[in-house]
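My questions will all concern the structure given below.
Since every read-out is calculated from the coordinates, none of them should be taken as a lab result. Bear in mind that the values here come from a model prediction, so they are computed numbers and not experimental data. Every residue, glycine among them, receives a Cβ derived from its backbone with ideal geometry; neighbour counts consider all protein chains shown.
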Ligand code: SF4
């Protein structure tokens, strides 16, 4: 598999936010979201075998725990990734998969917690979502990264259209970050003010979690490998 980096940090997003987590970032992505903060993962990467990846995960987290498979788009390497995920599960790791939802997800082992992005108009990639991926398991999550009021309205309409407003599926609304954010650890780096988003959500009684990328407030937003 082609791997950009493997590192340990705190999980910054999802219902697992704040927990220690080993991140395995796979190379390659077939989308080009306007605000993408992982463009360095689009090409290159080091070729690693399953055994090398598992050894590095074990070195960083010898007592087991949380592992997130991310990218890029990890499912572009599905043929190798699915067996790797099975091995990590059998070793006792709790696995998260962060995916754009563009590739089919039906071969992902059911034990994996899928965090499926639904791209909104500001990303420029909102027409690429594979709606078959809405057949989610009970522990999966849907994430909307929002950069504008138009994105917020799009996300709400998406939830309404797919009967996802009842709270049975975990939904995250997350303000997009400036991809050139530098230096300060502040909400001024968000493309959409979290306070404004919180006020919209409260006024509209949206059944979703407001998710901040907490690693971008703990460490400087431009830092990689945290
Ligand atoms: S899917 Fe993720 S990695 Fe790919 S362009 Fe969009 S934000 Fe970047």
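Let me know the volume per residue of the alpha-carbon convex hull for region 2-218, in Å³. Working shown, then result.
On the way: hull volume 25.2 nm³, N = 217.
For region 2-218, the hull spanned by Cα atoms encloses 116 Å³ per residue.
Further, regarding this structure: Please compute the modelled spin-label separation between residue 39 and residue 193, points set 7 Å along Cα→Cβ, answer in nm with one decimal.
Inter-label distance under the simple model: 2.8 nm.
Using alpha carbon centroids, what distance separates region 164-219 and region 97-132, in Å?
If we compute the Cα centre of each part, the gap is 19 Å.
So, by mean Cβ neighbours within 10 angstrom, what's the order for 146-157, 17-28 with the highest one leading?
17-28, 146-157
Where both residues lie in the chain, what percent of DSSP beta bridges are antiparallel, nearest 5?
Here the antiparallel bridges make up roughly 30 percent for the chain.
Suppose each label sits 7 Å from its Cα in the direction of the beta carbon; what would the residue 19-residue 205 distance come out to in nanometres?
Computed distance between label sites residue 19 and residue 205 equals 3.1 nm.
May I pose another question? Would you mind telling me the antiparallel percentage of the DSSP bridges in region 1-118, rounded to 5?
Restricted to region 1-118, the bridges split so that about 40 percent are antiparallel.
Something else now. From a point 7 Å beyond the Cα of residue 127 in the direction of its Cβ, which residues of region 28-44 have a backbone N at a distance under 19 Å?
Output list for this probe position: 30-35.
Just check region 1-86 against the gyration tensor rule for me: Cα atoms, a ≥ b ≥ c as the square roots of the eigenvalues, rounded for a/c under 1.5, and otherwise prolate or oblate depending on whether a/b exceeds b/c.
Values: a/c = 1.85, a/b = 1.16, b/c = 1.60.
It comes out oblate by the Cα gyration axes.
Separation of region 70-89 and region 1-29 by C-alpha centroid, Å?
That distance is 13 Å.
Additional query: Work out the FRET efficiency for residue 56 and residue 30 from their Cβ-Cβ distance, taking R0 = 25 Å, and round it to the nearest 0.05. Could the numbers behind the result be given before it?
On the way: r = 26 Å, r/R0 = 1.03.
Calculated value: 0.45.
Suppose R0 equals 35 Å; then what is the FRET efficiency for residue 90 and residue 179 from their Cβ-Cβ distance, rounded to the nearest 0.05?
Once rounded, the FRET efficiency stands at 0.40.
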